[in-house]
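The structure under discussion appears below in the form of structure tokens.
The values are calculated or read from the model by the stated rules, or taken from the named source; none is laboratory data. None of these values were measured; they are calculated from a predicted model. Neighbour counts run over all protein chains shown; Cβ positions are idealised from the backbone, glycine included.
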Amino acid sequence: MFIQTEDTPNPAALKFLPGRPVLDSGVADFTNRTAAESSPLARLLFEIEGVDGVFLGSDFVTVTKGADKSWQVLKPMVLGAVMDHFTSGAPVMEAGAAAADDEEFSDEGVDEEIISQIKELIDTRVRPAVAQDGGDIVYRGFKNGTVYLNLRGSCAGCPSSTATLKMGIENMLKHYVPEVQSVEAMM
């Protein structure tokens with residue numbers, strides 16, 4: 001088994017491509033060992049000292065390291081754990097485990113067409129680009145002209161995420177949806 005790695009814009013995150021599907025649909029974001037209970041792969045990765053986050057996509061695994069750790073030390077251990085998992089035949093997610101999506105919110109009386117347009121732009125223009133960098137972005141809400149988004153995977157904590165939100169996503173949404181005044185990240 002050959003596992004490729006790709007740098008991400010976030011120096012604390014590295015994208016691992018095992019050359020086979022990871023998740024059949026959706027994504028899963030684990031920010032600590034306790035949250036990883038539903039994923040044998042994520043649990044195995046959290047056993048490595050210095051792993052602070054695991055994000056699973058359709059064909060990749062993004063691992064976020066602690067600030068005091070070096071990729072030079074962690075990368076071989078993560079590669080070994082990913083290889084061990086996929087050669088073992090264990091599932092990536094346990095049966096019945098579902099990713100929990102946070103509830104959405106909006107101002108009362110907001111036209112559903114506006115929200116639908118915002119979601120479509122995020123899903124078709126933003127999410128594919130963010131996935132290329134080992135992350136994900138999810139619509140959370142629209143209130144008082146502000147779109148709230150949740151950054152996950154390599155995007156969470158990325159030094160360039162603020163620039164991406166303001167210069168890229170905010171400008172695009174303002175252009176296509178005049179009701180949008182700003183974009184903010186939610187943790």
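Quick grid of which residues meet (1) surrounded by 20 or more Cβ atoms within 10 Å (Cβ to Cβ); (2) free of Cβ contacts under 8 Å to residues at least 60 places away in the same chain; (3) aromatic (Phe, Trp, Tyr):
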{"site": "78", "(1), (2), (3)": "yes, no, no"}
{"site": "89", "(1), (2), (3)": "no, yes, no"}
{"site": "135", "(1), (2), (3)": "yes, no, no"}
{"site": "142", "(1), (2), (3)": "yes, yes, yes"}
{"site": "148", "(1), (2), (3)": "no, yes, yes"}
{"site": "151", "(1), (2), (3)": "yes, yes, no"}
{"site": "158", "(1), (2), (3)": "yes, no, no"}
{"site": "168", "(1), (2), (3)": "no, yes, no"}
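Within segment 1-41, the residues that satisfy the criterion of being more than 12 Å from residue 134 (Cβ to Cβ), under 14 Å from the mean Cα position of the chain (by Cα) and of a type in the set (A, V, I, L, M, F, W, C) are 23, 28, 30. None of 80, 96, 50 is more than 15 Å from residue 134 (Cβ to Cβ), modelled with pLDDT of 95 or more, of a type outside the set (Val, Ile, Thr) and out of contact with any Gly (no Cβ under 6 Å at 6 or more places or on another chain) except 80.
Of all residues in segment 99-113, those being modelled with pLDDT under 80, of a type in the set (A, V, I, L, M) and either farther than 18 Å from residue 55 by Cα or exposed (fewer than 11 other Cβ atoms within 10 Å of the Cβ) (or both) number 1.
Being under 30 Å from residue 7 (Cα atoms), modelled with pLDDT of 85 or more and assigned to a helix (DSSP H, G or I), is that true of even one residue in segment 133-153? Within segment 133-153 (the criterion being under 30 Å from residue 7 (Cα atoms), modelled with pLDDT of 85 or more and assigned to a helix (DSSP H, G or I)), the answer is no, since none of the residues qualifies.
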